[in-house]
1. How far apart, in nm, are the 7 Å Cα→Cβ label points at Leu389 and Glu347?
2. Once you sort the root eigenvalues of the Cα gyration tensor of the range 437-549 as a ≥ b ≥ c, which label holds: rounded (a/c under 1.5), prolate (a/b larger than b/c) or oblate (the other case)?
3. In the neighborhood of Ala178, defined by Cβ-to-Cβ distances under 15 Å, what is the net charge if each Lys or Arg adds +1 and each Asp or Glu adds -1?
4. Shape of the chain from its Cα gyration tensor (a ≥ b ≥ c, root eigenvalues): rounded if a/c is under 1.5, otherwise prolate when a/b > b/c, or oblate?
5. How high is the relative contact order of the chain, in percent, with contacts defined as C-alpha pairs under 8 Å that are six or more residues apart?
6. Simple spin-label model, 7 Å along Cα-to-Cβ: Arg5 to Glu363 in nm?
7. Taking θ as phi - 60°, what are the ³J(HN,Hα) couplings along the range 138-146 by the Karplus curve (6.51, -1.76, 1.60), each to the nearest whole Hz, with x for Gly and Pro?
8. What does the charge add up to near Arg71, with Lys and Arg as +1, Asp and Glu as -1, over the other residues with Cβ less than 10 Å from its Cβ?
Amino acid sequence: MRFYRDLVPTFADRSAWTLPAVLRHRAVTHADRVFLDVPGQDVRLTHAEVLDVAERIGGALLDGGCEPGDRVLLMAANSAEYITGWFGAAVAGLVEVPINTAYRGAFLEHQVRTVDPRAAVVDPEFAAHLLDVPAAEAIRTFYVTGRGTDSGAALALLRAAGRTAEPFDVLASAPRPAVLPEVGARDLAAILFTSGTTGLSKGVMMPHAHMHFFADECVALTRLTDDDVYMSVGPLFHGNAQFLAAYPALIVGARFVLQRRFSASRWIDQLRACGATVTNFVGVMMDWVHKQPRRPDDADNALRCLYAVPLATSVADDFAERFGIEAFVENFGLTEIAMPILTPYGEPRPPGAAGLLVDEYFEVRLVDPETDEEVPVGEVGELVVRAALPWTMCSGYYGMPERTAEAQRNLWFHTGDGLRRDAEGWYYFVDRLKDALRRRGENISSYEVEQPILAHPGVAECAVVGVPADAEAGEDELLLVVVPEPGAGPTAEELWRWCEERLPAFAVPRYVRFADELPLAPSGKVRKAPLRETGVDAGTADRERARSRS
């Protein structure tokens, strides 16, 4: 049996596994070296400068009425303000809550209501979205990023609605506080929402030690050092950009380059311009970059390691040769559990293998999801996990004790994902065992998509399932199966328009199929396996095809 044994914690003292401790340490050891590089804003801040701004922000948040343990929403696009707002909340002992900027309506209301926030850092264009949700009444102060007309209009809008609103610069330019709270490794660092299964999305409670350990695993996975430049193109409201890019760079004292957004056509130019040696991809990003026109100088870059989840194996060899990449790395992990399975750097692995067990820090089993009995080697089972060190996995789901108990039954965390292991010790992801979906890097709860659609007067019943995407690593496309109300006949186009007004763009189903009834289990629950098996048939409407004709 083989295991992953390359993980050596950067800091031996586990009491220092907090973002404030690491930030202060690197502000001494790497004071004058650039940490935060945001080309789109022409911002370059050293480790010492980032600490200075973070402590000013943290002190101002506390002076503004927040208390350690309070939740702070961040609903903003990638920017220097996002990073310093996150770090500022951390040094003040506050809990960061990243919010997907595509969210509005019921999606947004649920997450805001769940965490009951006291402050919010928000881009101007998202202020109105928060005003539209009743739960945002709990926010005492809004801090609006940016300068100029848009920022001024958002501040005026919030104030006209009776809310306290200030420019973000009020935080960043505040006096340095004399004292800030002590932040411990077991204290809550963040609440990140992950998609539900048959219910609402759940807020994962991440202690500081959990977030730190997650990031330190990425240090080992990519062999990151302070000589590296780590470029991120993903949104900061995802863990992929936060504790799998920004935080690992902070741990080792590397330069972190934050791009505004992912662009397949500009990726190689961005990579070359900043001198990135490490970067990461999620979902279809790798496939989209590979489809860009080849250039004779594609390999003229400094990139040595690409962290891709999942790895587009059919194009990997050509991608590596084309762009001159030394190593691909991959893992299996979840926000709740960090990464119990990692791939050894630069080592060939069997096709489709996600990696080897990090056995010094995790205990795992593959079990029958109905009985929790372990399955034989080679058979597919649900991955269940326990951590060897305290506070290095999530503390449960915020405000959802029943969901926490369900996930942690029998003293194991149940991932809901089916994997198998071969005799040598390699693990292979096979399928999700739950109804959570993933489309183009976004986790989607089928339940949260179905609920707004059921409110349509012409819909009696509906179910949303995932069907294969066109692109490798595209994960899922969404298929909506609808049983119309008697005498009603909504068209696919009408349903798409209904969804566009009520759902994030990534959650609008691509396919619509009408049916006389949905298959039901004896319990009355919809059986989704038959719907997936039928998939897209000749009578299914395709939104992309309909758009191409219009």
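1. 2.0 nm
2. It comes out rounded by the Cα gyration axes.
3. Once positives and negatives cancel, what remains is -2.
4. Rounded.
5. 13 percent
6. 2.1 nm
7. 5, 6, 7, 9, 9, 10, 9, 6, x
8. Local net charge: -2.
Throughout, read-outs are computed from the coordinates displayed, never taken from laboratory work. If you're wondering where the values come from, they're calculated on a predicted model, not measured in any experiment. All Cβ positions, even for glycine, are placed from backbone atoms using ideal geometry, and neighbour counts span all protein chains on display.
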